[in-house]
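Below: the structure, in structure tokens.
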Amino acid sequence: MFALIDCNNFYASCERVFNPNLQGKPVAILSNNDGCVISMSDEAKKLQLPFGAPIFKWESFCKANNITVLSSNYPLYGDMSARVMNILKDFSPDIEVYSIDESFLELKGFDNYNFAEYATTMRRRILKWTGIPTCVGIAPTKALSKVANKIARSNLKQSKGICIIDSEEKRIKALKWTKIGKVWGIGGRLQKRLEAKGVVTAYDFTQLPSDWVLKEFSIVEWRLQKDLQGISKIPLEDAVSSKKMIATTRSFENTYSDIENIKERISTFATSCAKKLREQKSSCHLITVFLRSNRFDKNQPYLKESTTAILSYPTDSSLIISKAAVEAVKNIYKKGIQYKKAGVIISGLVPNDNFQLNLFSEENPKHKPLMAAIDSLNKKFKSDKIKLGNQDLKRTWKMRQERLSKKFTTNINEVFIVNSYHKK
Amino acid sequence: MKTPKNLVFFSPKTSSGNGAIFVDTGISAGFPSPADDFRETRISLDDELITNKEATFFAKVKGQSMINAGLDDNDLLVIDRSLEPANNKIAVCFLDGEFTVKRLRVEKNEVWLQPENPDYPIIKITEENDFVIWGIVTSVIKKV
């Protein structure tokens, strides 16, 4: 059996732990730089604030409806996520942390367990220890545990946050309830194709002949179909496997058209990617850079351009990655465009301990110790004090985070305050 | 005896002695440190003050109502959310819109929040209060 544990409205829930006044009230969390709504509480959803809503357009709506709008506080969310995941590790040794707020557990050899009780213990412990509410779906396969979780979530009062699919009857009922577009791994394009074939629910999908699914779609959909039929074909993924792609992207506070500014931003993003790359002990050889103009500016065409630089050997050096990214951005930069967003994505990652050496490798052997020294100094000073020359030191690029809560769990100067006075 | 054609047999070689020992601490010309065998891990305040790290949070005290319990203005509290609230424990509570720290008094069906300073009132929790016990204080860290 597999369990999927999903934190309810995770970002809003993290904020509520340290500000219980927000309990039961509408809360919305903004993306980096306070651009648009990326997460919200059930109460905000009920008011029909849309996901992705650009906040400048919805400001008055939020005010009118008393929606508390907050900047995203990733140091806090990251720490709270780690707490939840560590608690879950006590419930099964086989865990796959699927995202910041979701984990799969494989319950191998738990056949004698009362799953409902086990799931209740999990939920209660996470709520008591961290203050984060969750939902638990348990089923014979990963895809079905996702379905079970959705059912638990959509009907919190009745389900008490738990749904267990442990019989054919329950499986069929659950699949008939699930719209095909809501199935894990079915994207928008696939949904349209399936609906055109008359597949409306997840159950309809399981009724398609499996060799036809394999022929018409791919092995991925075939596995998904088997999983939904109750035959486990999607295994738990190795939790320690490192990321296959690393990205740093930001919307700018203002727009920039000057190439020097853009080059500086790209260099900074590339440096940040390289740092993450070294943390997971990998190297990369593909560097993608993109630029976007302002989508909401009606006076100029919406422009998005990207380009990819290929390195001749994999590296984790900030110097090389930054240089390649800055070279690449020159190819897509156009004069006169007001750019609003840019990003660097590095891919083609290989672990540092086993990559193919190139006979003509030109990597400067001094880079490794240099990077190690920079990383350890920046870690010590808790901020990126040491930068590359093309990262402008005089400018202070500040993220717009006007409504940021404190780093309650990661900075001793920002812990919450308890009063030991009380009004008479 | 016929020699087997397809199988090659290997026999283990037994040797006496352990060969050379690799010393990875480096070789010094003086005496080895007599303390090497007795090295222990250093005292860790994390280990001493935190029993459940996933459920432990920190907060700062503002005010004087708990000074007789040793909780002073600006002290750092170690709070364990996994502990069950009980009579006589010091708890961080969320009461009517704000966090407060007080000693719990549980009598029959009543809960009181007792300050540790005679100048402050005892608070009785009633149904009208918006009241949550957020966590139990396990230690207080103060700068001197």
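The values are calculated or read from the model by the stated rules, or taken from the named source; none is laboratory data. Remember, predicted model here, so these are calculated numbers, not experimental data. Don't worry about glycine lacking a Cβ; one is built from the backbone with ideal geometry, like all the others, and counts go over all protein chains shown.
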Within the stretch A:102-117, count every residue that is touching a residue at least 40 places away in the same chain (Cβ under 8 Å) and hydroxyl-bearing (Ser, Thr, Tyr). 1
Any chance you could count how many residues in the stretch B:57-75 are touching a residue at least 40 places away in the same chain (Cβ under 8 Å) and either closer than 13 Å to A:THR409 by Cβ or more than 7 Å from chain A (Cβ to nearest Cβ) (or both)? 9
For the stretch A:57-68, indicate whether the set of residues that are more than 14 Å from every other protein chain (Cβ to nearest Cβ), of a type in the set (Ser, Thr, Tyr) and closer than 30 Å to A:ASP227 by Cα is non-empty. no
Has the stretch A:242-253 got any residue that is buried (at least 20 other Cβ atoms within 10 Å of the Cβ), within 30 Å of A:ASP94 (Cα to Cα) and either of a type in the set (D, E, K, R) or in contact (Cβ under 8 Å) with a residue 60 or more places away in the chain (or both)? yes
Applying the selection to the stretch B:107-135, what residues are more than 13 Å from chain A (Cβ to nearest Cβ) and assigned to a strand (DSSP E or B)? B:GLU107, B:GLU110, B:VAL111
Output the strands (runs of 3 or more DSSP E) that fall wholly within the stretch A:1-56 and possess 1 or more residues being modelled with pLDDT of 95 or more and under 22 Å from B:TRP134 (Cα atoms), or say none. A:2-7, A:27-30
When you scan the stretch A:315-323, do you find a residue that is in a strand (DSSP E or B) and not basic (Lys, Arg), even just one? yes
Please go through (1) modelled with pLDDT of 90 or more; (2) surrounded by 14 or more Cβ atoms within 10 Å (Cβ to Cβ) for A:GLU168 and return the number of the only condition it doesn't satisfy. (2)
Requiring at least 3 residues that are closer than 22 Å to A:VAL17 by Cβ, in contact with a helix residue (DSSP H, G or I) (Cβ under 6 Å, 6 or more places away or on another chain) and within 14 Å of another protein chain (Cβ to nearest Cβ), the helices (runs of 4 or more DSSP H) wholly within the stretch A:74-163 are A:74-88, A:115-130
In the stretch A:400-413, anything crowded, with 17+ Cβ neighbours inside 10 Å and facing chain B (nearest Cβ under 10 Å) is listed as A:PHE408, A:THR409
From A:PHE61, A:PHE18, A:PHE51, grab the single residue that is surrounded by fewer than 21 Cβ atoms within 10 Å (Cβ to Cβ), in contact with a Lys or Arg (Cβ under 9 Å, 6 or more places away or on another chain) and of a type in the set (Phe, Trp, Tyr). A:PHE51
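Here's the yes/no breakdown for (1) crowded, with 21+ Cβ neighbours inside 10 Å; (2) of a type outside the set (D, E, K, R); (3) not in a strand (DSSP E or B):
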{"position": "A:SER283", "(1), (2), (3)": "yes, yes, no"}
{"position": "A:ILE287", "(1), (2), (3)": "yes, yes, no"}
{"position": "A:LEU291", "(1), (2), (3)": "yes, yes, no"}
{"position": "A:TYR302", "(1), (2), (3)": "no, yes, yes"}
{"position": "A:ALA325", "(1), (2), (3)": "yes, yes, yes"}
{"position": "A:ALA342", "(1), (2), (3)": "yes, yes, no"}
Kindly evaluate A:GLN300 against the criterion of being polar (S, T, N, Q) and at pLDDT below 85. yes
Please work out which residue is farthest from the other protein chains (Cβ to nearest Cβ), limiting yourself to the stretch B:93-106 and to residues that are within 29 Å of the chain's Cα centre (by Cα) and either of a type outside the set (A, V, I, L, M, F, W, C) or closer than 11 Å to B:SER65 by Cα (or both). B:ARG105
Name the residue, out of A:LYS394, A:LYS424, A:LYS387, A:LYS380, that is within 30 Å of B:LYS102 (Cβ to Cβ) and at pLDDT below 85. A:LYS424
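Applying the selection to the stretch B:76-96, what residues are free of Cβ contacts under 8 Å to residues at least 60 places away in the same chain and over 24 Å from B:LYS124 (Cβ atoms)? Let's see the steps before the verdict.
Just the residues of the stretch B:76-96 that are free of Cβ contacts under 8 Å to residues at least 60 places away in the same chain, to begin with: B:79-96.
Of everything in the stretch B:76-96, those that are free of Cβ contacts under 8 Å to residues at least 60 places away in the same chain and over 24 Å from B:LYS124 (Cβ atoms) turn out to be B:ASP80, B:ARG81, B:SER82.
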